[in-house]
4 protein chains.
Amino acid sequence: MHHLKIAVVGLGRMGKRHVHTLLYRVPKAQVVAVCSTDPHEVKWATENPEYREFGIKVYHNYDEMLEQPGLQAVWISTSTDVHSSQSLAAIGKSIHVLCEKPLSIDIAEAQSVVDAANENPHLKVMAGFSRRFDASYRNAGEKIYQKKAIGSPFMVRSNTCDLLDETGFFVRYAARNGGIFVDCAIHDIDLSLWYLNNPVPKACWAAGTLQHHPELKALSDVDNAVGIVEFWGGKIAYFYCSRTQAHGHDVCTEITGTDGKLMVNVVPQQNNVVLADKLGMRHEVQPEYWQRFQDAFALEANEFVESVLKDTPVPVKLETGITVMKIGQGLQHALLTGEVVRFNESGERLK
Amino acid sequence: MHHLKIAVVGLGRMGKRHVHTLLYRVPKAQVVAVCSTDPHEVKWATENPEYREFGIKVYHNYDEMLEQPGLQAVWISTSTDVHSSQSLAAIGKSIHVLCEKPLSIDIAEAQSVVDAANENPHLKVMAGFSRRFDASYRNAGEKIYQKKAIGSPFMVRSNTCDLLDETGFFVRYAARNGGIFVDCAIHDIDLSLWYLNNPVPKACWAAGTLQHHPELKALSDVDNAVGIVEFWGGKIAYFYCSRTQAHGHDVCTEITGTDGKLMVNVVPQQNNVVLADKLGMRHEVQPEYWQRFQDAFALEANEFVESVLKDTPVPVKLETGITVMKIGQGLQHALLTGEVVRFNESGERLK
Amino acid sequence: MHHLKIAVVGLGRMGKRHVHTLLYRVPKAQVVAVCSTDPHEVKWATENPEYREFGIKVYHNYDEMLEQPGLQAVWISTSTDVHSSQSLAAIGKSIHVLCEKPLSIDIAEAQSVVDAANENPHLKVMAGFSRRFDASYRNAGEKIYQKKAIGSPFMVRSNTCDLLDETGFFVRYAARNGGIFVDCAIHDIDLSLWYLNNPVPKACWAAGTLQHHPELKALSDVDNAVGIVEFWGGKIAYFYCSRTQAHGHDVCTEITGTDGKLMVNVVPQQNNVVLADKLGMRHEVQPEYWQRFQDAFALEANEFVESVLKDTPVPVKLETGITVMKIGQGLQHALLTGEVVRFNESGERLK
Amino acid sequence: MHHLKIAVVGLGRMGKRHVHTLLYRVPKAQVVAVCSTDPHEVKWATENPEYREFGIKVYHNYDEMLEQPGLQAVWISTSTDVHSSQSLAAIGKSIHVLCEKPLSIDIAEAQSVVDAANENPHLKVMAGFSRRFDASYRNAGEKIYQKKAIGSPFMVRSNTCDLLDETGFFVRYAARNGGIFVDCAIHDIDLSLWYLNNPVPKACWAAGTLQHHPELKALSDVDNAVGIVEFWGGKIAYFYCSRTQAHGHDVCTEITGTDGKLMVNVVPQQNNVVLADKLGMRHEVQPEYWQRFQDAFALEANEFVESVLKDTPVPVKLETGITVMKIGQGLQHALLTGEVVRFNESGERLK
């Protein structure tokens, strides 16, 4: 059987999980290499018996890794600042790319990846909008578009609320990725575009607050924020992002239409267990995105691999990410300035 | 406006609540008297400013109270052993009766009240099967009988599970009222008769255990028990009764039919509040029957008062209680002997 | 016993329910009169056997009604435009006032009622912020302020979403009461002030859409809107108001704090019944505010009556309504202009 | 890397899924063969491009398949009547066995497999009690045994309720596997032994009914049944099995202890989506065991493969199945005869 020979670049929390997904959930992929510039990660990978058992080669230099004979695809899960250069390098070597979102926090740079992909139609280049592969979000999409279950959808509410990071490390790191609306709400914005049928932004506003991480002030960021996006044509989305939830990773989405409302994960549950005791009845909540979305990552990887092996279109268009970024940056600008950010009917931001 | 002049006999936990219901929720009733043989209760009532304010006369002698001029009805909420004699005494004085269930733990005695009521058709005599007045149970009944929402119902599961009584006082008291299946499951049995369209019992079996109240052994009772009742015609009900729940008063009922299932209060909730914190997401549960059923008591009282004032039939037939008692006693017998209790096709218990 | 002699003015949907509440749930009140200027309502009341039975006098002239000997209090449930004049008239006659919110859509006018009340400290004057009397909202308040269950609260999300009014009548009527944020979000704004400990508004923005009621355009209103209010001190509230829900009256509130989150009625339920059938598992939702809040209205009326009879402070300060109105009008202004509305640190709106 | 070479015998609904699990979720296994005596299944497998792609050899003769060079393990998912002979044949060839439950409906035969396994300690022989690998059931076990979350557990309620099989085919087939309590409740009985710490049965009784499949009468079976098992030492379990649910595969378990209750899947949900529309709020339910337990099957397979590769004990003891069968057959006997079935203190059934 033909396996897709794939490498994972970046071995942080997410990169390690991507390797695991490829090993355990994607039988048509073969992980042939991993790469990290962090010496600790390289050491960890080199000494990992499972990696050895599966024959995974460990690199500390990305360009070197791209030269490995037979390598067909890379899954880029490094920090955002190198997403586009690494994507472009792989494309330059005729290697397929699955890149973590966002392609870049600089829209021109992101566009350069889209352009390169368009110029290389034999390559599959996809951004990892993983929620598009979640069973519940897909079911919601099917109910909206195939079943017409809620009539015409016009309003999306979507939250990405992370468990409090006591150390603050992750949060400071994320602030460097473009701020809370770019790092945290990117999936929510993407969902709103999906469910509202690719509307064009008209105006947005946001407000935020610092509750646990005062150090974010210096980074021009907040740890909790809400924002509204008004689209041309009478559609609206609004978002709540938080870095400071006490109870877990709370990610929910509601889509309201003319005939009904869909609620996705409004009451998050770690599993099917409820404990009834002196405190009442309670259930646990997933601590992070992984417990909520690991099946989605597996499906994403399988579908990407299929699209390469069968030369079919990638399941999520690369261009999607550009609009998402425009909106995310608009919200972040509104958050920082207190001003309304407006867009023309083509979705270009007005001054 | 014409008010029904009513008295409440018995001023335990329940009697006091009945007075409150009549005062606050039943505008067409006027509480004119209360009665208790317990000196502490008499003292408490005599000194109660609200009772004084509302002009309620306090008696320690039931027969004396029955002589109060103008008295039209009594609500009997004493211990079970005097239910039938007090009912008969009131009927003898042409006074309407709303009597707590059961009429008696002796079926012949209970039957004597039914007979007396039948001989006095101008009087309203009703047993307090309060769940028949609960909005959710009524809605379930409507879905079954009017909406045919579950096709033909054939299976009932019903629980009455009380919060652990740390003192054990209430439980020992209840054991004297005929044991766990008579005291605790009486409403569940009643509900199974309602939702299964008055089926006739064929056989029953039960098993129980002592977990918190070993002192019940001497009273031939248990603190947790399950039982199955098979009815003639392929219908089945099964019950779980408990005196020892950690989380609250957990009373639920499921009715399964050929086309669906109805679930009543399978996840009990004290109110609409959920707290999300480090322990997950939790809600509180009603501590006792009162928080769950106070609206039902109010409706029961209003409907009873209406039936008297307008001379219409009482909303729950008095005879219902007789079959309920036969089944409850059958289950209790099975529990104590370990033997199957069987009934003929008329519902008479076989030896 | 001493009853408070009270009259209800306005016999629309709400006025009739207030009469019912007073008759059935407030034993220390006696409804002695009702008043309406609508001939149909007057006719309906005159012919109502229950009103006759309870001895309620029917007026078509408010001033005449105020002259009824012995009248002690009025419950004003007319349209908003006469709230303040009727309140002032009652105060002028030394009659206690329970007035539906808002006192006026003109803040100066509302302030004149507050001033009159302050000048007449022997009178109880209260605005009907009924949610303050709801068991779940009170429980949330207790968890926040007494139990410190969520640490320091900083974010409120609150929705008032009405069932679609097929006729559109009610909605057009409501638009005349100040627009969607004034009519619909007033309780949500009030709740945010309560749970965020009376914060001062700093800025707000809103966006709306017309989905079912295009006729609202002429009235400068929308049928669905979201808005954000930023308060001084890093607190935020955001609201969703809708006139067009398919599934019922969906009113929920979430309060997020530094240590947890409280969710009130996030999954609304008409009763405790769930039906499992070919469509899955479902429960019904309250069709309107009445099913959700009737207990709150009863408690509100009882507490108001108590405060008069015992001469204690009214449970909700009259001044509350003034800030609520300022915010509601700010949101409505933002909705109509697309501009951010800003307030100084005293909560005065800036130009 | 060393893969476990495994074959799947039986290519019915379940066998096909086991192949899929091994291919997609068990990277350390390599499916080298499948086998079926059904010509349609053989044809289907032979023509299956995926099987070809993964290099799976297709047999119609089990003994021939056992001779395939390098074969190390079989997953037996044939009909129950050949489970033990196929297990014994594999053991005879020194091949590891993962066998679907039950080993046999004849206890002596099942015991012969247990004996053979004990005589071949170098082989891993495991029965597929798949719920033992479900994340929620494991979490419940952890809460009971590690966290002591419910004190001492004494009562288990467990349901296995299947979606109505309109054709009746599956149900007739299942009746041949020992009847409803053997085929359907076997997992529930297993769970009760797990959570009640391996109690010994004392007595049991059951009642059943025919609601959709009258043809089962001829096979001495029913389509809905409830049963109670009393254990020595005051522990109790009770079960509801159904073949006729309208809403889906409804499998739930409650464990009550002295300090609390655990509820597993009491409200089953297909995914995280809720639809709010004119019918209220609803969610879908899994149509069959696969959607509920596919992750458990994957974990079961991975843990079995690990135990072979690392020569560690299998995660579920083979002996467990013997007691489960004794109880299942006792319940089935009670169901058919109407008599109580009793066991001595060693768990031997009494006549």
Considering only the stretch A:176-197, state which residues are of a type in the set (A, V, I, L, M, F, W, C) and open to solvent by less than 10 Å² (accessible area, probe 1.4 Å). A:180, A:181, A:182, A:184, A:185, A:186, A:189, A:191, A:193, A:196
Do the conditions hold for residue D:40, that is, is it within 14 Å of chain A (Cβ to nearest Cβ) and either of a type outside the set (Asp, Glu) or open to solvent by 60 Å² or more (accessible area, probe 1.4 Å) (or both)? no
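Hey, any hits in the stretch D:210-220 for a residue that's crowded, with 24+ Cβ neighbours inside 10 Å and in contact (Cβ under 8 Å) with a residue 24 or more places away in the chain? Step through it out loud before you land on a result.
Initially, the stretch D:210-220 is screened for residues crowded, with 24+ Cβ neighbours inside 10 Å, giving none.
No, the stretch D:210-220 contains no residue that is crowded, with 24+ Cβ neighbours inside 10 Å and in contact (Cβ under 8 Å) with a residue 24 or more places away in the chain.
For the stretch D:207-269, give me every one of the strands (runs of 3 or more DSSP E) that falls completely inside it and has 2 or more residues that are more than 14 Å from chain A (Cβ to nearest Cβ) and not polar (S, T, N, Q). Full working, then the answer.
On the way: elements: D:224-231, D:235-245, D:250-257, D:261-264.
In the stretch D:207-269, the matching strands (runs of 3 or more DSSP E) lie at D:224-231, D:235-245.
Identify, from the list A:314, A:340, the residue that is modelled with pLDDT of 95 or more, farther than 30 Å from residue D:25 by Cα, open to solvent by 20 Å² or more (accessible area, probe 1.4 Å) and away from chain B (no Cβ under 14 Å). Explain how you work it out, then say what you get.
Values: A:314 fails: farther than 30 Å from residue D:25 by Cα.
Within the list A:314, A:340, the selection yields A:340.
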Here are the criteria: (1) open to solvent by less than 10 Å² (accessible area, probe 1.4 Å); (2) of a type in the set (D, E, K, R); (3) within 29 Å of residue A:136 (Cβ to Cβ). Tell me which single one residue D:261 does not satisfy. (1)
Restricting attention to the stretch B:270-283, and to residues there that are surrounded by fewer than 22 Cβ atoms within 10 Å (Cβ to Cβ) and in a loop (DSSP other than H, G, I, E, B), which single residue is farthest from the other protein chains (Cβ to nearest Cβ)? B:270
Suppose we filter the stretch C:134-149 for residues that are at the interface with chain B (Cβ under 10 Å from one of its Cβ atoms) and in contact with a strand residue (DSSP E or B) (Cβ under 8 Å, 6 or more places away or on another chain); how many remain? 6
Touching a residue at least 60 places away in the same chain (Cβ under 8 Å) and within 24 Å of residue C:263 (Cβ to Cβ), is that true of residue A:256? yes
Those residues of the stretch D:223-240 which are touching a residue at least 40 places away in the same chain (Cβ under 8 Å) and either open to solvent by 20 Å² or more (accessible area, probe 1.4 Å) or under 22 Å from residue B:241 (Cβ atoms) (or both) amount to D:225, D:227, D:229, D:232, D:234, D:235, D:236, D:237, D:238, D:239, D:240
Selected residue (criterion: surrounded by the most Cβ atoms within 10 Å (Cβ to Cβ)) from residues of the stretch A:11-37 that are out of contact with any helix residue (DSSP H, G or I) (no Cβ under 6 Å at 6 or more places or on another chain) and under 15 Å from residue A:64 (Cβ atoms): A:32
What's the number of the only condition in (1) out of contact with any strand residue (DSSP E or B) (no Cβ under 8 Å at 6 or more places or on another chain); (2) within 20 Å of residue C:261 (Cα to Cα) that residue A:317 fails to meet? (2)
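Restricting to the stretch C:284-295, count the residues that are open to solvent by 40 Å² or more (accessible area, probe 1.4 Å), free of Cβ contacts under 8 Å to residues at least 60 places away in the same chain and farther than 17 Å from residue B:264 by Cβ. Before you say what the answer is, go through the steps one by one.
Residues of the stretch C:284-295 open to solvent by 40 Å² or more (accessible area, probe 1.4 Å): C:284, C:287-288, C:291, C:294-295.
Still in the running and free of Cβ contacts under 8 Å to residues at least 60 places away in the same chain: C:284, C:291.
Narrowing the set further to residues that are farther than 17 Å from residue B:264 by Cβ leaves C:291.
Going through the stretch C:284-295 one residue at a time, the tally reaches 1.
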Here is a list of conditions, (1) over 20 Å from residue B:311 (Cα atoms); (2) modelled with pLDDT under 95, and residue B:3 meets all of them except one; can you say which number that is? (1)
Tell me which strands (runs of 3 or more DSSP E) are completely within the stretch D:57-154 and hold 3 or more residues being surrounded by fewer than 21 Cβ atoms within 10 Å (Cβ to Cβ), or say none if there are none. D:57-59
Hits in the stretch C:183-198 - residues which are outside any helix (DSSP H, G or I) and more than 16 Å from residue C:321 (Cβ to Cβ): C:196, C:197
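The values are calculated or read from the model by the stated rules, or taken from the named source; none is laboratory data. Given the structure is predicted, the values throughout are model-derived calculations rather than measurements. Positions of Cβ are backbone-derived with ideal geometry, glycine not excepted, and every protein chain shown enters the neighbour counts. All accessible areas refer to the heavy atoms of the entire protein, side chains included, with ligands and DNA or RNA removed. Shrake-Rupley method; radii C 1.70, N 1.55, O 1.52, S 1.80 Å.
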